[in-house]
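What follows draws every value from the coordinates through simple rules; no lab data is involved. It should be emphasised that the depicted structure is a prediction, and the values quoted were computed from it without experimental measurement. Virtual Cβ from ideal backbone geometry, glycine too; neighbours counted across all protein chains shown.
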Amino acid sequence: MVSFLGKQTLTLVHGLGDFALFTLRSFQAVFGSRRLLRRIARAGFEQGVRCLPVILIVGMFTGLVLGLQGYYVLNRFGSESLLGALVSLSLVRELGPVLAALMLVGQAGSALAAELGIQRNSEQIAALETMGVNSLGYLITPRLIAALVVYPMQTALFVTVGLWGGSLSGSLLLGIQPGVYWSAVERAVASQDVNECFIKAATFGLLTIALCCYHGFNTHRNRSASGARGVSASTTRAVVQSSILVLAADYVITSFLV
């Protein structure tokens, strides 16, 4: 048992160190990288525009559910006028950054891990390195920089749509005056809450995209499977670990900022 725990601990520490070096070298590759802005714009399109439908749909239904459930909870205490505060604080502080990051991981992160895994198996990455191109700077750096911009923007859109969903649920279905709802939102949300939301969004974006890139880029290291099964295993591992990392990072950031 002791030997097993020690081996697993060393494996975990080695993996964390390898991931940290991978991310650091990717950012260092920004110096000397050519046509970086074009690749950042393409990565932003993949993480942003293509993920807009899922962000809008999930944000709307999250706001609708929060408005409905929040009303029945507050109704027990005669505090229906605080529905806007409940919905806004729930979205801004927790649900907005977390759910937006999970949706982006499920769509953009999985696609990114699979794409890099296929490029590794088809030796496209090896060809880039043979031609003297820094593969990290060409493939990874633009995605990381784009994530630092796109994730906060997508989170802001998610929160905005969610607030409107809560307003629709409270106004049309439950009879709360829209002015009462939005005035409660204005009183409840402070600049500190918005800053925390954007800090979480940027952190989640960096961690999840870096982890998806790491697993896809290192698909060839997977000893349990190779070829198409190796790409599938790397993609699954990237999505699962990224989702867990989002929740763990959310707790750590909240514990420091609350």
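By counting other Cβ atoms within 10 Å of each Cβ, how are Asp250, Asp193 ranked from fewest to most? Present the calculation step by step, with values, prior to reporting the outcome.
Numbers: Asp250 18, Asp193 15.
Ascending number of Cβ neighbours within 10 Å: Asp193, Asp250.
What list do you get for His14, His215, His220 if you sort them by fewest beta carbons within 10 Å?
On the way: His14 10, His215 28, His220 15.
Ascending number of Cβ neighbours within 10 Å: His14, His220, His215.
Estimate the FRET efficiency between Gln124 and Asp18 by the formula 1/(1 + (r/R0)^6), using the beta-carbon distance for r and 22 Å for R0, to the nearest 0.05.
E(calc), rounded to 0.05, equals 0.50.
Would you mind computing, in nm to one decimal, how far apart the modelled labels at Ala248 and Leu10 are, each placed 7 Å from Cα along Cα→Cβ?
A separation of 2.1 nm, rounded to one decimal place.
Which chymotrypsin sites (Phe, Trp or Tyr not before Pro) from the range 1-64 combine a DSSP loop assignment with at most 13 other Cβ atoms within 10 Å?
Hits after loop and neighbour filter: Phe31.
Could you state the angle between the C-alpha long axis of helix 178-188 and the longest principal axis of the C-alpha atoms of the chain, as a value from 0 to 90 degrees rounded to the nearest 10?
Roughly 60 degrees between the two axes.
Place a label point 7 angstrom from the Cα of Gln28 along the Cα-to-Cβ direction, then list the residues of the range 134-157 whose backbone nitrogen is under 18 Å away.
Only 134-142, 144-145 fall inside the zone, counting backbone N under 18 Å.
Between Ala190 and Met131, how many nm apart are label points set 7 Å from Cα along the C-beta direction?
It works out to 5.4 nm between the two label points.
Note the angle between two axes, namely the Cα long axis of helix 110-121 and the longest principal axis of the Cα atoms of the chain, as a number of degrees from 0 to 90, rounded to the nearest 10.
0
Could you give the angle, 0 to 90 degrees to the nearest 10, between helix 36-47's Cα long axis and the longest principal axis of the Cα atoms of the chain?
The angle comes out at about 50 degrees.
Of Met103, Leu16, Val58, which is farthest towards the positive pole of the range 2-257's charge dipole, taken about the Cα centre with +1 and -1 on the beta-carbons of Lys, Arg and Asp, Glu respectively?
Leu16
For a quick check: sort Arg50, Arg143 by the number of other beta carbons within 10 angstrom, fewest at the front.
In increasing order of surrounding Cβ atoms, one gets Arg50, Arg143.
Return the calculated 222 nm mean residue ellipticity for the chain, to the nearest 500 deg cm²/dmol, obtained by summing -39500 (n - 2.57) across DSSP H runs with n ≥ 4 and dividing by the residue count.
Dividing the helical sum by the residues of the chain leaves -25500 deg cm²/dmol.
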